[in-house]
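Taking it in order: structure first as structure tokens, then the write-up.
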Amino acid sequence: MRARVLFEKNKKVHLKQEKVHLKQEKEETAIMKILIAGATGFIGSSLVSSFSDEFEITVLGRDMDQLKRRFPQHHAVDWKGLKSESATDYQIVINLCGENIADKRWTSEQKTKILQSRVETTDQLASWALNSSAPQSLRFLNASAVGIYGLNTVKNTENTPITLQENCFSQQVVRVWESTVQKKLENKINYTLMRFGVVLKKQHGMLKKLKMPYQLGLASILGSGEQQISWIHIEDLVRAIRLIIKTQSISGPINMVAPEVVTQKQLAKNLAKALNRPCFLQTPIFFIKLLFGQMGEELLLSGQEVIPEYLQKANFFFQYPMLEKAIFHEHD
């Protein structure tokens, strides 16, 4: 009980200091201009909502009508109109574009779509930044994922050597994605590779997919349930991205995950508890492989233990360091 009280007290102090710091920076400096590609996704829309009062935001996407409808107060640009924009007008470019890797079974066609949706947009956005003779002060924040570490059971930090696993598609996607950024921007524009874990937000992402079956009493442990899940609450993710924006010296890969790594069994039981539903079912491995194929093997039956070493060394304060608190906050 005493530890919890101290945690809540420290949390209030940290958040208060953070707000004061942000207020001072806003008063002392010109408003920073940020371009967000993939703004209509749930991470992108969360950034736009959180950053609107602090930065001047331009939203970039494929559907101009949707952009104007979703973000009427912001400057909107589609990919055709990007060439009319000058990168010299921006201090930050955030690229979140990419087909949802867990949306469908991985057919050859879907694999191509997943890969191309990341590589082509990243290449186009990086080329635009370079062709606009962008100043060295421009910074490029590119989405990435913890899948870069492959399927293993070791603790992975930003300094962990990447071991190539030839048949691991989830790793291949991220390797090619990060390589696209590195080849285009190395020694030209400062870039950060934001390696996301599973992002938790009610009615979005994984929690949205699990809500219906769990509410129907179908919460299940997948296979052994011991596969590890590295995750982060959306509010901490937004705050971590703000930290990157505010810290000029940050570059390279950053693990965007909470300090606590959990098993799939722990996640299933916590979510079922938050929804007041039982969790006694167990889905056998062969059934998951039969139903989802390679996607099921890599994303549902395997995982990574990823440590946010950089954020911890930067004294980043996690509002939701523990899964139970994050899950229950989203299902109050």
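The values are calculated or read from the model by the stated rules, or taken from the named source; none is laboratory data. Everything numeric here is computed off the predicted structure, so don't read it as measured data. Counting neighbours? That spans all protein chains shown, and the Cβs are built from the backbone with ideal geometry, glycine included. All accessible areas refer to the heavy atoms of the entire protein, side chains included, with ligands and DNA or RNA removed. Shrake-Rupley method; radii C 1.70, N 1.55, O 1.52, S 1.80 Å.
Computed about the Cα centre, the dipole magnitude for the chain is approximately 720 debye when only Lys and Arg (+1) and Asp and Glu (-1) carry charge, each at its Cβ.
Sorting 331, 75, 233, 204 on solvent-accessible area from highest to lowest, probe radius 1.4 Å, gives 75, 204, 331, 233.
What Kirkwood hydrodynamic radius do you get for the range 144-292 when you take the inverse of the mean 1/r over all pairs of distinct Cα atoms, in Å?
Working: mean 1/r = 0.0580 Å⁻¹.
The Cα-based Kirkwood calculation yields 17.3 Å.
For the set 64, 256, the ranking by accessible area, highest first and with no ligand, DNA or RNA atoms included, is 64, 256 under a 1.4 Å probe. Each 20 Å bin from 0 upward holds the following percent of the Cα-Cα pairs of the chain: 29, 60, 11. Bridgeable aspartates and glutamates around residue 83 (alpha carbons under 17 Å apart, same-chain partners fewer than 8 residues away excluded): 63, 120, 123.
Give me the extension gain from residue 162 to residue 332: residue separation times 0.36 nm, minus the current Cα-Cα distance, reported in nm with one decimal.
Details: separation 170, 0.36 × 170 = 61.20 nm, distance 3.92 nm.
Between residue 162 and residue 332, full extension yields an extra 57.3 nm.
The amide H of residue 282, built 1.01 Å from its N in the peptide plane, has 221 as neighbours under 5 Å, considering only residues 5 or more places off or on other chains. Residues of the range 91-111 falling in the label zone of residue 176, defined by backbone nitrogen less than 20 Å from a point 7 Å along Cα to beta-carbon, are 95-111.
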